[in-house]
1. Binning every alpha carbon pair distance of the stretch 72-188 at 10 Å from zero, what are the percents per bin?
2. Above 26 angstrom, tally the Cα pairs of the stretch 268-380 and express them as a % of all pairs, no decimals.
3. May I ask for the equivalent-ellipsoid semi-axes of the chain, computed as the square root of five times each C-alpha gyration tensor eigenvalue and listed largest first in whole Å?
4. Looking at the stretch 223-283, what % of the alpha carbon pairs are farther apart than 15 Å?
5. So which trypsin sites (Lys or Arg not before Pro) in the stretch 168-248 are both in a DSSP loop and have at most 15 other Cβ atoms within 10 Å of their Cβ?
6. Compute the acute angle (0 to 90°) between the alpha-carbon long axis of helix 68-89 and the principal axis of greatest extent of the alpha-carbon atoms of the chain; round to the nearest 10°.
7. Would you list which aspartates and glutamates come within 14 Å of LYS261, measuring only between C-alpha atoms, while excluding same-chain residues fewer than 8 positions from it?
8. Quick one: if the Förster radius is 35 Å, what FRET efficiency do LEU83 and LEU25 give, using the C-beta to C-beta distance and rounding to 0.05?
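The values are calculated or read from the model by the stated rules, or taken from the named source; none is laboratory data. Since the structure is predicted, the reported quantities are computational estimates derived from the model, not experimental observations. Cβ sites come from the backbone with ideal geometry, for glycine too, and all protein chains shown count toward neighbours. The area values use the complete protein model at the heavy-atom level, side chains included, leaving out ligands, DNA and RNA. Shrake-Rupley method; radii C 1.70, N 1.55, O 1.52, S 1.80 Å.
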Amino acid sequence: VFTTGDEIFSSTDKVAQLFEEEEDLLRTFSLYINAEEKNIERMKSILPVLQLRTYFDPDNPEKTLRDPVAAYKLLRRVRSQWLTIVEYTQLSLYEVYQKLLDYANIPEAEDLDDAASELIRLQEFYKLYPHNITKETSLNADEAYHMGLVAYDEDKFQHAFLWFLYSWEGLTEYSTTTEEELLRFLSLSAYNFGSLPVAIYFGQWLLNLDPTNDEVRVELSLYKHLRFEINFNPDIFTLNTKSNNSYEALCRGEVDERTSKRQRALSCRYSTGGGNPRLMYAPVKEEVEWDEPRIIRYHDIISDREIEILKNISRPQLSRSKTRQGVTKDRTSQSVFLKEDNTVARISQNIADITGLSVESAERLHVQNYGIGGRFKPHYDALDGEDGRTATFLIYMSDVEIGGDTVFPEVGVALKPKKGSAVFWYNLKKNGTLDLDTLHAGCPVLVGNKWLATKWIHEFGQEFRRPCSLSDWE
């Protein structure tokens with residue numbers, strides 16, 4: 001069966017398309033079954049007719065075939081029967097259905113593992129237990145067991161343990177996962193995490209179920225021996241809720257009160273983009289999100305209709321987003337650079353009007369859809385070289401229920417996606433050097449579907465619009 005190889009997990013929109021794919025699969029499978037049942041009934045009806053034609057005596061074939069006419073009739077009859085059987089069996093839609101399946105958009109096994117891996121990364125980032133992340137959609141014992149195996153393979157033994165425990169508690173008579181398998185991995189996960197008493201507890205439980213398991217007996221002896229030599233006994237049942245860095249803290253909503261107070265002092269206004277004639281009678285709503293570096297949010301700069309057009313143009317062209325190191329887990333999304341058409345050209349012109357910058361040397365509009373746990377780790381937009389990305393204009397094409405913020409860890413600012421709005425900042429100072437405070441990131445999407453459109457504006461063409469400076473700090 002053909003599988004996509006499109007890394008479906010890295011685009012929420014492509015995952016959503018599986019609902020339609022599933023419906024088509026089940027509908028065509030039902031039609032296939034009905035057609036085959038009708039054909040089987042036809043074959044059943046012809047079988048007695050074929051059998052009635054038989055007068056061959058299987059106990060004494062040589063006696064029957066003394067008569068050459070009988071031999072001829074046997075040859076003719078078998079030939080006729082074969083042709084009839086071929087005719088009816090060729091009415092089967094098996095080959096046609098197999099060809100249909102070849103074109104089905106089926107996720108690969110790697111997609112399933114990668115999706116599980118992204119869920120585990122969400123747990124790590126937002127400090128979530130299995131019962132937290134499955135609050136809206138529960139997993140059965142077999143599904144939770146797979147989550148545990150993926151976490152175990154990635155050496156994330158605490159999360160593996162918690163998933164195996166969740167699976168164990170959900171075991172039913174219909175589960176394919178066995179209690180022995182779960183007890184085995186519960187013990188191994190606890191041992192690898194360093195929680196020896198827990199490893200001994202579940203290992204002993206497993207040994208009680210199967211006293212002949214010599215491997216578990218040896219492991220238990222090792223655990224009991226190590227227990228008296230190692231004083232460290234981490235709590236495998238309780239996650240560490242402390243943020244590892246400012247990026248995680250901002251994404252989790254841990255904003256410094258001083259930052260909030262400073263933001264409250266900032267202003268908003270109607271802007272004409274420095275007196276642009278196209279904005280004189282329809283000024284844009286401008287809100288200062290941060291003063292240094294200056295980060296501006298523009299409200300209602302793209303319509304719902306334009307957003308849907310951009311999405312529809314992008315969907316067939318989306319492919320896995322890359323970083324400078326290629327495809328990595330630092331960036332979980334799919335994206336495309338759009339060719340200029342009327343809609344894209346109109347949006348680009350609007351960006352030029354609002355910012356007062358030339359878009360002649362800018363990159364094509366870049367549309368991006370984030371996947372399961374979609375994120376983009378802290379990075380700079382500016383590129384090396386003479387014609388670097390002097391500015392970024394980031395358009396939010398969707399709201400995001402939980403997560404998905406754009407954060408600036410160096411200054412402690414978190415910006416929530418708001419459909420139809422855009423944020424703008426300069427990546428380079430006027431002297432052409434990188435503004436280190438523009439380090440930014442896309443927080444993992446916990447609930448929702450995040451769409452962005454980005455215009456990276458380059459230095460060339462801005463000589464008279466944003467004149468260079470010789471100052472070291474400007």
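1. 12, 30, 18, 11, 10, 10, 7, 2, 0
2. 32
3. 59, 39, 17
4. For the stretch 223-283, the fraction of Cα-Cα distances above 15 Å is 75 percent.
5. LYS242
6. Once rounded, the angle reads 20 degrees.
7. Answer for LYS261, where 14 Å is the Cα cut-off: GLU289, ASP291, listed by chain and number.
8. The calculated FRET efficiency here is 0.50.
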